[in-house]
Amino acid sequence: MAVIGVALVRLRDLFGVVMLSGLFTLTAASLYVVMDAVDVAFTEAAVGAGIATVLMLETLALTTGREKVTRRRSLAPFLMVVVTGAVLIYGTLDMPRYGDPGAPIHQHVAPRYIEESGREVGVPNIVTSVLASYRGYDTLGEVTVIFTATAGVLALIGRSRRTRRRKGSQTTGGDQDAR
Amino acid sequence: MNVLGLYNYWIVVVLMMTGFYVVIAQNNLIKKVVGLNIFQVSVFVFYISMSKVKGGTAPILDPGIQVYGNPLPHVLILTAIVVGVATMALALALVVRIRHAYGTIEEDDIDAQEEEP
(Lines give C-alpha, C1' and ligand atoms only; values in the text may rest on other atoms or scores of the structure.)
Protein backbone atom coordinates (compact mmCIF):
# COMPACT_ATOMS: atom_id res chain seq x y z
CA MET A 1 0.00 0.00 0.00
CA ALA A 2 2.82 2.37 0.78
CA VAL A 3 4.26 1.68 -2.68
CA ILE A 4 0.96 2.58 -4.30
CA GLY A 5 0.83 5.74 -2.19
CA VAL A 6 4.26 6.89 -3.33
CA ALA A 7 3.35 6.12 -6.94
CA LEU A 8 0.28 8.31 -6.48
CA VAL A 9 2.44 11.22 -5.42
CA ARG A 10 4.84 10.85 -8.36
CA LEU A 11 2.38 10.15 -11.17
CA ARG A 12 1.23 13.10 -13.25
CA ASP A 13 -1.39 11.46 -15.47
CA LEU A 14 -4.63 11.98 -13.55
CA PHE A 15 -6.32 8.95 -15.12
CA GLY A 16 -3.55 6.78 -13.73
CA VAL A 17 -3.86 8.50 -10.38
CA VAL A 18 -7.55 7.68 -10.18
CA MET A 19 -6.96 4.05 -11.17
CA LEU A 20 -4.20 3.69 -8.59
CA SER A 21 -6.52 5.20 -6.00
CA GLY A 22 -9.08 2.50 -6.75
CA LEU A 23 -6.36 -0.14 -6.45
CA PHE A 24 -5.29 1.36 -3.13
CA THR A 25 -8.80 1.09 -1.75
CA LEU A 26 -9.11 -2.49 -2.98
CA THR A 27 -5.86 -3.39 -1.20
CA ALA A 28 -7.29 -1.82 1.93
CA ALA A 29 -10.39 -3.99 1.53
CA SER A 30 -8.31 -7.17 1.45
CA LEU A 31 -6.48 -5.91 4.53
CA TYR A 32 -9.83 -5.67 6.30
CA VAL A 33 -10.53 -9.33 5.52
CA VAL A 34 -7.22 -10.22 7.15
CA MET A 35 -8.33 -8.27 10.23
CA ASP A 36 -11.70 -10.09 10.46
CA ALA A 37 -13.85 -7.18 9.28
CA VAL A 38 -15.68 -8.85 6.39
CA ASP A 39 -18.65 -6.45 6.30
CA VAL A 40 -16.34 -3.46 6.10
CA ALA A 41 -14.38 -5.16 3.33
CA PHE A 42 -17.56 -5.65 1.28
CA THR A 43 -18.54 -2.02 1.66
CA GLU A 44 -15.09 -0.70 0.95
CA ALA A 45 -14.74 -2.78 -2.21
CA ALA A 46 -18.18 -1.82 -3.54
CA VAL A 47 -18.52 1.79 -2.42
CA GLY A 48 -14.94 2.90 -1.86
CA ALA A 49 -13.29 1.23 -4.83
CA GLY A 50 -16.30 1.16 -7.17
CA ILE A 51 -18.48 4.22 -6.84
CA ALA A 52 -15.69 6.58 -5.76
CA THR A 53 -13.63 5.66 -8.81
CA VAL A 54 -16.61 6.20 -11.10
CA LEU A 55 -17.25 9.62 -9.56
CA MET A 56 -13.61 10.61 -10.01
CA LEU A 57 -13.60 9.45 -13.63
CA GLU A 58 -16.69 11.58 -14.28
CA THR A 59 -14.93 14.57 -12.81
CA LEU A 60 -11.95 13.89 -15.07
CA ALA A 61 -14.26 13.76 -18.07
CA LEU A 62 -15.68 17.15 -17.08
CA THR A 63 -12.31 18.76 -16.40
CA THR A 64 -8.92 17.69 -17.65
CA GLY A 65 -6.78 14.58 -17.61
CA ARG A 66 -3.32 16.11 -17.28
CA GLU A 67 -1.64 17.75 -14.39
CA LYS A 68 0.40 20.85 -15.16
CA VAL A 69 4.09 20.14 -15.59
CA THR A 70 5.63 22.97 -13.59
CA ARG A 71 6.82 21.70 -10.28
CA ARG A 72 8.58 23.81 -7.76
CA ARG A 73 10.12 21.53 -5.26
CA SER A 74 10.01 22.87 -1.77
CA LEU A 75 11.22 21.19 1.34
CA ALA A 76 8.77 22.75 3.77
CA PRO A 77 5.79 20.38 3.23
CA PHE A 78 8.04 17.32 3.38
CA LEU A 79 9.63 18.47 6.62
CA MET A 80 6.25 19.18 8.12
CA VAL A 81 5.00 15.71 7.16
CA VAL A 82 8.07 14.03 8.66
CA VAL A 83 7.75 15.97 11.92
CA THR A 84 4.03 15.21 12.21
CA GLY A 85 4.66 11.52 11.51
CA ALA A 86 7.39 11.36 14.14
CA VAL A 87 5.10 12.93 16.73
CA LEU A 88 2.32 10.49 15.86
CA ILE A 89 4.64 7.49 16.16
CA TYR A 90 5.78 8.79 19.54
CA GLY A 91 2.11 8.94 20.49
CA THR A 92 1.55 5.28 19.54
CA LEU A 93 4.08 4.08 22.12
CA ASP A 94 1.37 4.13 24.77
CA MET A 95 -1.20 2.26 22.68
CA PRO A 96 -2.22 -1.36 23.36
CA ARG A 97 -0.43 -3.98 21.27
CA TYR A 98 -1.95 -5.34 18.05
CA GLY A 99 -4.47 -8.12 18.77
CA ASP A 100 -4.28 -7.71 22.55
CA PRO A 101 -7.56 -9.07 24.03
CA GLY A 102 -7.12 -6.91 27.16
CA ALA A 103 -7.13 -3.58 25.31
CA PRO A 104 -9.57 -0.98 26.69
CA ILE A 105 -11.60 -1.02 23.48
CA HIS A 106 -12.65 -4.63 24.15
CA GLN A 107 -13.81 -4.01 27.72
CA HIS A 108 -16.66 -1.53 27.64
CA VAL A 109 -19.79 -2.32 25.63
CA ALA A 110 -18.51 -4.74 23.01
CA PRO A 111 -18.74 -7.90 25.19
CA ARG A 112 -22.38 -7.14 25.82
CA TYR A 113 -23.05 -6.89 22.09
CA ILE A 114 -21.28 -10.20 21.51
CA GLU A 115 -23.07 -12.04 24.32
CA GLU A 116 -26.58 -10.60 24.15
CA SER A 117 -27.25 -9.53 20.57
CA GLY A 118 -28.00 -13.06 19.39
CA ARG A 119 -30.82 -13.32 21.91
CA GLU A 120 -32.03 -9.70 21.82
CA VAL A 121 -32.03 -9.04 18.08
CA GLY A 122 -31.91 -12.54 16.62
CA VAL A 123 -29.51 -11.86 13.76
CA PRO A 124 -26.34 -13.96 13.74
CA ASN A 125 -24.23 -11.15 12.25
CA ILE A 126 -23.36 -8.90 15.18
CA VAL A 127 -22.32 -6.02 12.94
CA THR A 128 -25.77 -5.97 11.36
CA SER A 129 -27.59 -5.99 14.67
CA VAL A 130 -25.44 -3.21 16.11
CA LEU A 131 -25.80 -1.11 12.98
CA ALA A 132 -29.55 -1.44 12.62
CA SER A 133 -30.66 -1.79 16.21
CA TYR A 134 -28.30 -0.60 18.94
CA ARG A 135 -26.82 2.29 16.98
CA GLY A 136 -29.67 3.06 14.61
CA TYR A 137 -29.30 6.77 15.29
CA ASP A 138 -25.87 6.71 13.70
CA THR A 139 -27.39 5.33 10.55
CA LEU A 140 -30.05 8.05 10.62
CA GLY A 141 -27.29 10.66 10.90
CA GLU A 142 -25.47 9.01 8.00
CA VAL A 143 -28.55 9.29 5.81
CA THR A 144 -28.83 12.96 6.78
CA VAL A 145 -25.25 13.60 5.71
CA ILE A 146 -25.82 11.84 2.40
CA PHE A 147 -28.97 13.88 1.79
CA THR A 148 -27.08 17.11 2.49
CA ALA A 149 -24.26 16.09 0.18
CA THR A 150 -26.74 15.22 -2.57
CA ALA A 151 -28.46 18.58 -2.19
CA GLY A 152 -25.06 20.29 -2.33
CA VAL A 153 -24.01 18.45 -5.49
CA LEU A 154 -27.31 19.32 -7.14
CA ALA A 155 -27.02 22.97 -6.14
CA LEU A 156 -23.43 23.17 -7.42
CA ILE A 157 -23.60 21.46 -10.79
CA GLY A 158 -27.24 20.46 -11.23
CA ARG A 159 -28.69 23.60 -12.79
CA SER A 160 -25.76 25.34 -14.50
CA ARG A 161 -26.23 24.24 -18.11
CA ARG A 162 -28.27 21.75 -19.98
CA THR A 163 -25.28 19.52 -20.72
CA ARG A 164 -24.23 19.74 -17.09
CA ARG A 165 -27.68 18.85 -15.81
CA ARG A 166 -27.31 15.38 -17.26
CA LYS A 167 -23.97 14.87 -15.46
CA GLY A 168 -25.32 16.23 -12.21
CA SER A 169 -28.17 13.77 -12.07
CA GLN A 170 -25.73 10.94 -12.76
CA THR A 171 -23.57 12.00 -9.86
CA THR A 172 -26.45 12.05 -7.43
CA GLY A 173 -27.55 8.68 -8.77
CA GLY A 174 -24.25 7.34 -7.48
CA ASP A 175 -25.03 8.79 -4.06
CA GLN A 176 -28.34 7.07 -3.87
CA ASP A 177 -26.71 3.77 -4.76
CA ALA A 178 -24.29 4.32 -1.91
CA ARG A 179 -27.12 4.68 0.54
CA MET B 1 10.01 -6.93 20.92
CA ASN B 2 7.38 -5.24 22.99
CA VAL B 3 7.49 -2.19 20.76
CA LEU B 4 7.20 -4.31 17.59
CA GLY B 5 3.61 -5.14 18.54
CA LEU B 6 2.71 -1.60 17.51
CA TYR B 7 3.49 -2.11 13.81
CA ASN B 8 -0.12 -1.68 12.74
CA TYR B 9 -0.11 1.89 14.03
CA TRP B 10 3.13 2.61 12.19
CA ILE B 11 1.66 1.44 8.90
CA VAL B 12 -1.29 3.73 9.53
CA VAL B 13 0.98 6.68 10.31
CA VAL B 14 2.99 6.17 7.11
CA LEU B 15 -0.16 6.00 4.97
CA MET B 16 -1.65 8.98 6.74
CA MET B 17 1.43 11.09 6.17
CA THR B 18 1.43 10.12 2.47
CA GLY B 19 -2.09 11.47 2.15
CA PHE B 20 -1.21 14.54 4.18
CA TYR B 21 1.75 15.27 1.91
CA VAL B 22 -0.43 14.99 -1.19
CA VAL B 23 -2.94 17.41 0.29
CA ILE B 24 -0.50 20.11 1.30
CA ALA B 25 2.16 19.81 -1.40
CA GLN B 26 0.29 19.14 -4.65
CA ASN B 27 -1.19 21.82 -6.83
CA ASN B 28 -3.87 19.85 -8.62
CA LEU B 29 -7.29 19.84 -6.98
CA ILE B 30 -8.27 16.32 -8.07
CA LYS B 31 -5.00 15.02 -6.70
CA LYS B 32 -5.76 16.74 -3.43
CA VAL B 33 -9.08 14.91 -3.27
CA VAL B 34 -7.26 11.63 -3.88
CA GLY B 35 -4.88 12.55 -1.06
CA LEU B 36 -7.81 13.13 1.27
CA ASN B 37 -9.08 9.71 0.24
CA ILE B 38 -5.75 8.10 1.24
CA PHE B 39 -5.85 9.90 4.57
CA GLN B 40 -9.37 8.65 5.15
CA VAL B 41 -8.51 5.04 4.32
CA SER B 42 -5.62 5.19 6.77
CA VAL B 43 -8.03 6.20 9.55
CA PHE B 44 -10.27 3.27 8.58
CA VAL B 45 -7.33 0.87 8.79
CA PHE B 46 -6.50 2.33 12.21
CA TYR B 47 -9.97 1.60 13.58
CA ILE B 48 -10.21 -1.87 12.07
CA SER B 49 -6.79 -2.84 13.36
CA MET B 50 -7.85 -1.80 16.86
CA SER B 51 -10.85 -4.13 16.68
CA LYS B 52 -8.73 -7.21 15.93
CA VAL B 53 -8.43 -9.77 18.72
CA LYS B 54 -5.69 -12.37 18.52
CA GLY B 55 -7.24 -15.76 17.67
CA GLY B 56 -10.66 -14.22 17.05
CA THR B 57 -12.84 -14.49 13.98
CA ALA B 58 -15.32 -12.26 12.19
CA PRO B 59 -18.18 -11.19 14.51
CA ILE B 60 -20.81 -13.57 13.17
CA LEU B 61 -22.38 -15.75 15.85
CA ASP B 62 -21.69 -19.46 15.57
CA PRO B 63 -21.99 -22.08 18.31
CA GLY B 64 -18.51 -23.47 17.72
CA ILE B 65 -16.66 -20.18 18.14
CA GLN B 66 -15.66 -18.51 21.39
CA VAL B 67 -13.53 -15.48 20.46
CA TYR B 68 -14.85 -12.76 18.16
CA GLY B 69 -13.39 -9.51 16.90
CA ASN B 70 -14.87 -6.32 18.31
CA PRO B 71 -17.94 -5.46 16.19
CA LEU B 72 -18.31 -1.82 17.23
CA PRO B 73 -15.46 -0.27 15.15
CA HIS B 74 -16.71 -2.24 12.15
CA VAL B 75 -20.09 -0.54 12.43
CA LEU B 76 -18.54 2.91 12.80
CA ILE B 77 -16.34 2.41 9.77
CA LEU B 78 -19.22 1.09 7.65
CA THR B 79 -20.96 4.40 8.31
CA ALA B 80 -17.79 6.38 7.73
CA ILE B 81 -17.08 4.79 4.32
CA VAL B 82 -20.48 5.74 2.94
CA VAL B 83 -20.32 9.24 4.38
CA GLY B 84 -16.81 9.62 2.99
CA VAL B 85 -17.97 8.82 -0.53
CA ALA B 86 -20.85 11.29 -0.22
CA THR B 87 -18.56 14.11 0.90
CA MET B 88 -16.07 13.19 -1.82
CA ALA B 89 -18.85 13.58 -4.39
CA LEU B 90 -19.45 17.06 -3.00
CA ALA B 91 -15.74 17.92 -3.24
CA LEU B 92 -15.57 16.71 -6.84
CA ALA B 93 -18.66 18.77 -7.69
CA LEU B 94 -16.85 21.80 -6.27
CA VAL B 95 -13.85 20.97 -8.51
CA VAL B 96 -16.14 20.88 -11.55
CA ARG B 97 -17.57 24.28 -10.65
CA ILE B 98 -14.09 25.73 -10.12
CA ARG B 99 -13.10 24.46 -13.55
CA HIS B 100 -16.12 26.28 -15.00
CA ALA B 101 -15.39 29.52 -13.23
CA TYR B 102 -11.60 29.65 -13.72
CA GLY B 103 -10.88 27.27 -16.59
CA THR B 104 -8.25 25.40 -14.56
CA ILE B 105 -7.93 23.04 -11.62
CA GLU B 106 -4.39 24.04 -10.65
CA GLU B 107 -4.23 26.00 -7.45
CA ASP B 108 -1.49 28.48 -8.37
CA ASP B 109 -3.25 29.35 -11.65
CA ILE B 110 -6.36 30.16 -9.66
CA ASP B 111 -4.34 32.31 -7.30
CA ALA B 112 -2.78 34.18 -10.23
CA GLN B 113 -6.21 34.87 -11.72
CA GLU B 114 -7.45 36.14 -8.37
CA GLU B 115 -4.60 38.61 -8.02
CA GLU B 116 -4.95 40.32 -11.39
CA PRO B 117 -8.18 42.34 -11.45
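The values are calculated or read from the model by the stated rules, or taken from the named source; none is laboratory data. It should be emphasised that the depicted structure is a prediction, and the values quoted were computed from it without experimental measurement. Heads up, the Cβs are rebuilt from the backbone with ideal geometry, glycines too, and the neighbour counts pull from every protein chain shown.
Would you check if there is a residue in region B:97-111 being more than 15 Å from the chain's Cα centre (by Cα), part of a loop (DSSP other than H, G, I, E, B) and within 7 Å of chain A (Cβ to nearest Cβ)?
Residues of region B:97-111 that are more than 15 Å from the chain's Cα centre (by Cα), as a first pass: B:97-111.
Checking which are part of a loop (DSSP other than H, G, I, E, B) leaves us with B:103-105.
Subset that is within 7 Å of chain A (Cβ to nearest Cβ): B:105.
Yes, because at least one residue in region B:97-111 is more than 15 Å from the chain's Cα centre (by Cα), part of a loop (DSSP other than H, G, I, E, B) and within 7 Å of chain A (Cβ to nearest Cβ).
Across region A:135-157, what is the number of residues that are touching a Lys or Arg at 6+ places or on another chain (Cβ under 8 Å) and either under 23 Å from residue B:101 (Cβ atoms) or modelled with pLDDT under 85 (or both)?
2
Which ones in region B:14-31 are surrounded by fewer than 20 Cβ atoms within 10 Å (Cβ to Cβ) and within 14 Å of the chain's Cα centre (by Cα)?
Selection gives B:14, B:23.
What are the pairs with Cβ atoms under 6 angstrom where one residue, in region A:99-120, is free of Cβ contacts under 8 Å to residues at least 40 places away in the same chain and the other, located anywhere, is part of a helix (DSSP H, G or I) and surrounded by 12 or more Cβ atoms within 10 Å (Cβ to Cβ)? Sequence gap at least six, or different chains.
Going by the 6 Å Cβ cut-off, the qualifying pairs are A:105/B:50; A:110/B:72; A:113/A:126; A:113/A:130; A:113/B:71; A:117/A:126; A:117/A:129.
Among the residues of region A:96-104, is there at least one that is assigned to a helix (DSSP H, G or I) and either at pLDDT below 80 or not aliphatic (A, V, I, L, M) (or both)?
Checked region A:96-104: at least one residue is assigned to a helix (DSSP H, G or I) and either at pLDDT below 80 or not aliphatic (A, V, I, L, M) (or both).
Any idea how many residues of region A:131-141 are facing chain B (nearest Cβ under 8 Å) and buried (at least 19 other Cβ atoms within 10 Å of the Cβ)?
Here the count works out to 1.
Would you confirm whether or not region B:79-87 contains a residue that is touching a Lys or Arg at 6+ places or on another chain (Cβ under 8 Å) and more than 20 Å from residue A:37 (Cβ to Cβ)?
So far as region B:79-87 goes, no, none of its residues is touching a Lys or Arg at 6+ places or on another chain (Cβ under 8 Å) and more than 20 Å from residue A:37 (Cβ to Cβ).
Looking at B:55, B:19, can you tell me which residue is more than 7 Å from chain A (Cβ to nearest Cβ), not in a loop (DSSP other than H, G, I, E, B) and not aliphatic (A, V, I, L, M)?
Among B:55, B:19, only B:19 is more than 7 Å from chain A (Cβ to nearest Cβ), not in a loop (DSSP other than H, G, I, E, B) and not aliphatic (A, V, I, L, M).
Of the numbered conditions (1) more than 7 Å from every other protein chain (Cβ to nearest Cβ); (2) without any contact (Cβ under 8 Å) to a residue 24 or more places away in the chain; (3) in a helix (DSSP H, G or I), residue B:63 satisfies every one except a single condition; which is it?
Unmet condition: (3).
Please tell me if residue A:80 is under 29 Å from residue A:30 (Cβ atoms), surrounded by 13 or more Cβ atoms within 10 Å (Cβ to Cβ) and over 23 Å from the mean Cα position of the chain (by Cα). If you could, list the steps in order and put the result at the bottom.
Working: under 29 Å from residue A:30 (Cβ atoms): no; surrounded by 13 or more Cβ atoms within 10 Å (Cβ to Cβ): yes; over 23 Å from the mean Cα position of the chain (by Cα): yes.
In short, no.
Go through region A:100-127 residue by residue and tally those that are within 26 Å of the chain's Cα centre (by Cα) and more than 9 Å from chain B (Cβ to nearest Cβ).
1
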